[in-house]
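Worksheet for the structure shown next.
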Amino acid sequence: MAQEKVLEINQLKTYFHTKRGIGKVVDGIDLTLHKGETLGIVGESGCGKSMTSLSVLQLVPDPGKIVEGSVRLNNEELVGKSEKQMRNIRGNQISMIFQEPMTSLNPVISVGEQIAETIREHQGLNRKQAFQKSIEMLKLVGIPSPEKRAKQEPFQLSGGMRQRVMIAMALACNPEVLIADEPTTALDVTIQSQILKLMKNLQKKLKMGIIFITHDLGVVAETCDRVAVMYAGEIVEYSTTEELFRHPKHPYTKGLLQSLPKLYEDQEELQAMEGSIPSPFKEHQGCKFTDRCPIAEDSCHQIHPDLKMSSDHSYQVRCLFYQEEKELTKGMSSV
Ligand SMILES: Nc1ncnc2c1ncn2[C@@H]1O[C@H](COP(=O)(O)OP(=O)(O)OP(=O)(O)O)[C@@H](O)[C@H]1O
Ligand SMILES: [Mg+2]
């Protein structure tokens, strides 16, 4: 049975128009999220992961703007919606856990009231009922003594608990899509794995689609069904998690995996990738990865490669030199 699409992003471009010029921070992204699935977005710092998710929610900060493309939630176009319309959709059908929990929580309002406010806005409950529901949400995300914690302000909670509060807030209205931007990066490993388990459990219960943003490939392997690898505002590889770890295809993906200890079978020795991501303000003619690419040739400086789909539609790669083995074998067997 074909999976049901809940979110479709097509040719999304988000640019920053500044005195320095135009920063192409999201430069033609296509992504699809199905009901109940977890889609990972990975890539180094600055590659555009957060800007992609903020674009989906129509929360791009000034002077950034979506200049092209479409974001459809259950076939409804979000690009161009008014702030009022978006406020109704955000937190209700689509929620986000932001990278910085402290900046998205109000420091002087109790966490229970903050969750209750979201619930009141979207579910028409009165103050008392909404506060009661927020206690239930805190319990659901595994916060001990939720009645007591609900009355506390964010600074009275540990980092792990604040992150759970963010999750409780994001999930309070049973969204169909959750965008989790580095939800566990700032936490220690034990709490990190507790929170990941919690999200997966809630996902099963609520049949949510999750976009999971992280630079931690170990977390991707544990959590995601499919993965998009981003580099300088573009997707360079897009496939199932299994395929990505077993047979990475793009030189950048290979580099990312090689900088991890023993994650895939034919892995060569551990080595960090040299160089860094190019500035989104830099003009490009060819492939954006050329300067760091171990297999780049002259043509790579001239030709910008398309994101090519494999013949069985199971993955996509953006590299001039990627040859599809399956296609070659198929060709031979049909002779
Ligand atoms: N206000 C701004 N003006 C200009 N450029 C910006 C602005 N905010 C972000 N950028 C640029 O947008 C690009 C993408 O940033 P983004 O925050 O999406 O990266 P990221 O992949 O989420 O990184 P990280 O892993 O560090 O969170 C970066 O090059 C960043 O410098
Ligand atoms: Mg980010």
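The values are calculated or read from the model by the stated rules, or taken from the named source; none is laboratory data. Bear in mind that the values here come from a model prediction, so they are computed numbers and not experimental data. Methodologically, a virtual Cβ is constructed for each residue, glycine included, from the backbone with ideal geometry; neighbour enumeration extends over all protein chains shown.
Against the condition over 16 Å from residue 9 (Cβ atoms), among the acidic types (Asp, Glu) and surrounded by 14 or more Cβ atoms within 10 Å (Cβ to Cβ), how does residue 100 come out, does it pass?
No.
Applying the selection to region 161-186, what residues are free of Cβ contacts under 8 Å to residues at least 60 places away in the same chain, within 16 Å of ligand 2 (Cβ to nearest atom) and part of a helix (DSSP H, G or I)?
Residues satisfying the conditions do not exist here.
Could you list, in sequence order, the residues of region 49-91 that are more than 16 Å from ligand 2 (Cβ to nearest atom), modelled with pLDDT of 95 or more and β-branched (Val, Ile, Thr)?
Answer for region 49-91, where residues must be more than 16 Å from ligand 2 (Cβ to nearest atom), modelled with pLDDT of 95 or more and β-branched (Val, Ile, Thr): 66, 67, 71, 79.
Going by the conditions given, is residue 217 under 13 Å from the mean Cα position of the chain (by Cα), crowded, with 20+ Cβ neighbours inside 10 Å and either hydroxyl-bearing (Ser, Thr, Tyr) or within 23 Å of residue 317 (Cα to Cα) (or both)?
Yes, satisfied.
Scan (1) at pLDDT 95 or above; (2) over 26 Å from residue 218 (Cα atoms) for the single condition residue 38 breaks and write down its number.
(2)
Could you tell me which numbered condition residue 10 fails, if it satisfies all but one of (1) within 25 Å of residue 313 (Cβ to Cβ); (2) in a helix (DSSP H, G or I)?
Unmet for residue 10, out of (1) within 25 Å of residue 313 (Cβ to Cβ); (2) in a helix (DSSP H, G or I): (2).
Of all residues in region 13-27, which are among the aliphatic types (A, V, I, L, M) and either more than 8 Å from ligand 1 (Cβ to nearest atom) or more than 16 Å from residue 44 (Cα to Cα) (or both)?
Correct list: 22 only.
Checking residue 11 against (1) free of Cβ contacts under 8 Å to residues at least 60 places away in the same chain; (2) surrounded by 15 or more Cβ atoms within 10 Å (Cβ to Cβ); (3) not small (Gly, Ala, Ser), which single condition isn't satisfied?
(2)
Can you name the residue in region 179-196 that is of a type in the set (A, V, I, L, M, F, W, C) and buried (at least 24 other Cβ atoms within 10 Å of the Cβ) and, of all such residues, is farthest from residue 213 (Cα to Cα)?
Filtering region 179-196 for residues that are of a type in the set (A, V, I, L, M, F, W, C) and buried (at least 24 other Cβ atoms within 10 Å of the Cβ), the one farthest from residue 213 (Cα to Cα) comes out as 179.
In region 42-67, what count of residues is obtained for those that are of a type in the set (Val, Ile, Thr) and under 13 Å from the mean Cα position of the chain (by Cα)? Steps first, please.
Initial filter on region 42-67 (of a type in the set (Val, Ile, Thr)): 42, 52, 56, 60, 66-67.
Next, from what is left, pick out any that are under 13 Å from the mean Cα position of the chain (by Cα): 42, 52, 56.
Qualifying residue count for the region: 3.
Assuming residue 82 fulfils every condition listed in (1) polar (S, T, N, Q); (2) under 16 Å from the mean Cα position of the chain (by Cα); (3) within 30 Å of residue 19 (Cβ to Cβ) apart from one, which condition is it?
(2)
Being under 23 Å from residue 90 (Cβ atoms) and over 15 Å from the mean Cα position of the chain (by Cα) is the filter; apply it to region 187-199 and report the residue that is nearest to ligand 2 (Cβ to nearest atom).
If we take residues in region 187-199 being under 23 Å from residue 90 (Cβ atoms) and over 15 Å from the mean Cα position of the chain (by Cα), then 195 is nearest to ligand 2 (Cβ to nearest atom).
Name the residues in region 201-224 that are in contact with a strand residue (DSSP E or B) (Cβ under 7 Å, 6 or more places away or on another chain) and within 14 Å of ligand 1 (Cβ to nearest atom), would you?
Step one: list which residues in region 201-224 are in contact with a strand residue (DSSP E or B) (Cβ under 7 Å, 6 or more places away or on another chain), which gives 203, 208-215, 217, 220, 223-224.
Correct list: 211, 212, 213, 214, 215, 217, 220.
Do any helices (runs of 4 or more DSSP H) entirely within region 42-128 hold 2 or more residues that are free of Cβ contacts under 8 Å to residues at least 60 places away in the same chain, and if so, which?
In region 42-128, 49-56, 83-89, 111-123 are the helices (runs of 4 or more DSSP H) which contain 2 or more residues that are free of Cβ contacts under 8 Å to residues at least 60 places away in the same chain.
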